[in-house]
Amino acid sequence: MTRQGPGRPHRWMAALDKIRLTGLLRRSPASAGLFYAPRSVPQDIHHPLFARFFDWLSHTMEPEVGRRRDELLSGLSGRVLEIGAGNGINFTHYPRAVDEVVAIEPEPYMRAKAQRAAERAEVSVTVRPGLAEDLEFEAGSFDAVVACLVLCTVTAPSLSLAEAFRVLQPGGEL
């Protein structure tokens, strides 16, 4: 791990710079220091072994983690974006005050699992491909953005958070 200090960037900043230099991310001329991914970046990320393992593990952990999911999602209402929905295990935890959940998931196996979970949810859920680093939504189009057990897996956490804040309405909840 890179130590922080004068002239020593965080490890994630060095990784972000490396990604930016490959041409996948570019500095946005309209923002101060934020990066964006061009729309030509593929929206599918294939991790078949991890996807199957995580699907099994998430169901095994649900008796304990399910209580935390209830806490995380309680009080939400309106239109919600869930980034990295995985197998859709959060969908049954959304309160009825939520009008719509738009869930993005880049891994095809997990996205198919999320689609089946969406059909069983009590709230309206739309599952689509997408990356947290490249949200294809208008600024201010969601009342809340949910990131549950996902920021450790995204390529650029700071970019993902910048995108999440961009799509939130003023006063929205992340």
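The values are calculated or read from the model by the stated rules, or taken from the named source; none is laboratory data. Here the structure is a predicted model, which is why all the values come from computation and not from measurement. Every residue, glycine as well, gets a Cβ built from its backbone with ideal geometry; the counts of neighbours run over all protein chains shown. What goes into the accessible areas is simple: the full protein's heavy atoms, side chains included, and nothing from ligands, DNA or RNA. Shrake-Rupley method; radii C 1.70, N 1.55, O 1.52, S 1.80 Å.
Take Gly140 and decide whether it is closer than 20 Å to Phe91 by Cβ and either within 13 Å of the chain's Cα centre (by Cα) or not aromatic (Phe, Trp, Tyr) (or both). Steps first, please.
On the way: closer than 20 Å to Phe91 by Cβ: no; either within 13 Å of the chain's Cα centre (by Cα) or not aromatic (Phe, Trp, Tyr) (or both): yes.
The answer is no for Gly140.
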Quiz prompt | Hits in the stretch 87-127 (condition: open to solvent by 20 Å² or more (accessible area, probe 1.4 Å), in contact with a Lys or Arg (Cβ under 8 Å, 6 or more places away or on another chain) and more than 20 Å from Cys152 (Cα to Cα)) | solution = Thr92, His93, Asp99, Glu100, Glu122, Val127
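When the residues of the stretch 45-56 are narrowed to those that are in a helix (DSSP H, G or I) and closer than 30 Å to Asp143 by Cβ, which ends up modelled with the lowest pLDDT? Explain how you work it out, then say what you get.
Of the stretch 45-56, the ones in a helix (DSSP H, G or I) are 48-56.
Still in the list and also closer than 30 Å to Asp143 by Cβ: 51, 54-55.
Numbers: Ala51: 64, Phe54: 73, Asp55: 67.
Filtering the stretch 45-56 for residues that are in a helix (DSSP H, G or I) and closer than 30 Å to Asp143 by Cβ, the one modelled with the lowest pLDDT comes out as Ala51.
Those residues that are assigned to a loop (DSSP other than H, G, I, E, B) and under 14 Å from the mean Cα position of the chain (by Cα), I need them from the stretch 60-88; list them, please.
Listed by number, the residues that qualify are Gly84, Ala85, Gly86, Asn87, Gly88.
Taking the stretch 64-86 as the region of interest, how many residues are under 12 Å from Val125 (Cβ atoms) and open to solvent by 60 Å² or more (accessible area, probe 1.4 Å)? Break it down stepwise before answering.
Pass one, the stretch 64-86, residues under 12 Å from Val125 (Cβ atoms): 79-82, 85.
Still in the running and open to solvent by 60 Å² or more (accessible area, probe 1.4 Å): 79.
Residues flagged as under 12 Å from Val125 (Cβ atoms) and open to solvent by 60 Å² or more (accessible area, probe 1.4 Å) within the stretch 64-86 amount to 1.
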